[in-house]
Amino acid sequence: MDGNIAGSPQLDTSGVYLSSAVASEVRWMGETCTHFLATGKTTSGQFCLVEETSKRGEAVPLHRHEKDVESFYVLDGEITFYISGQAGIRSGPGSFLHVPAGAIHGFRITSDTARYLIFTTAHHGEFYRAISAPAGADGLPATHDVDWDKVMATAQDFGIEFISELPDE
């Protein structure tokens, strides 16, 4: 590493990695923008860290993944998390949720916008990449439409089981 300010990703021979959100890969799924801050490639397969920004109503239905853990940290806005059959838990800035492998969970954005971090396995990060579309040169997606058939087929390939839609609020 040559002492440059974090901008474009830097990796030295020891495996140390430094990046910033402005240099991250940006992808979209619907109205959710995902910045890949660290991936399996940059962490030697250890983990994936993404920062997402999403709009009110965007949601992930109840699902589980037997092999992958997932942790959420809310930076801005409010997210309602759903765990198994429990009532939704409204969570604001500073809230942290850890989901062990196999746990049924889902979430919905309940503020106008929300910004949050997701820390997960490298394998699960590749699922995020596979179901999203790259941002164009302007940083925006070609479309905000979600190909749910592709999402469902890809989920099966990655060992993710969708359980049901989220309960109404």
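The values are calculated or read from the model by the stated rules, or taken from the named source; none is laboratory data. None of these values were measured; they are calculated from a predicted model. Backbone-built Cβ (ideal geometry, glycine too); neighbour counts: all protein chains shown.
Data for the structure
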quantity: Number of the exception - Val151 against (1) out of contact with any helix residue (DSSP H, G or I) (no Cβ under 9 Å at 6 or more places or on another chain); (2) within 16 Å of Ser54 (Cβ to Cβ); (3) not in a loop (DSSP other than H, G, I, E, B); calculated: (1)
quantity: Exclusive hit being crowded, with 18+ Cβ neighbours inside 10 Å and either at pLDDT 95 or above or aliphatic (A, V, I, L, M) (or both), set His65, His123, His98; calculated: His65
quantity: Failed item, numbered, when Thr39 is tested on (1) more than 22 Å from Ala133 (Cβ to Cβ); (2) touching an Asp or Glu at 6+ places or on another chain (Cβ under 9 Å); (3) not aromatic (Phe, Trp, Tyr); calculated: (1)
quantity: Lone qualifier among Arg129, Arg115 - being under 15 Å from Glu52 (Cβ atoms), among the basic types (Lys, Arg) and assigned to a helix (DSSP H, G or I); calculated: Arg129
quantity: Total residues in segment 79-90, condition within 20 Å of Arg56 (Cβ to Cβ), out of contact with any Ser or Thr (no Cβ under 7 Å at 6 or more places or on another chain) and either surrounded by 20 or more Cβ atoms within 10 Å (Cβ to Cβ) or not hydrophobic (A, V, I, L, M, F, W, C) (or both); calculated: 1
quantity: Of all residues in segment 71-95 being assigned to a loop (DSSP other than H, G, I, E, B) and farther than 14 Å from Thr53 by Cβ, the one that is modelled with the lowest pLDDT; calculated: Gly85
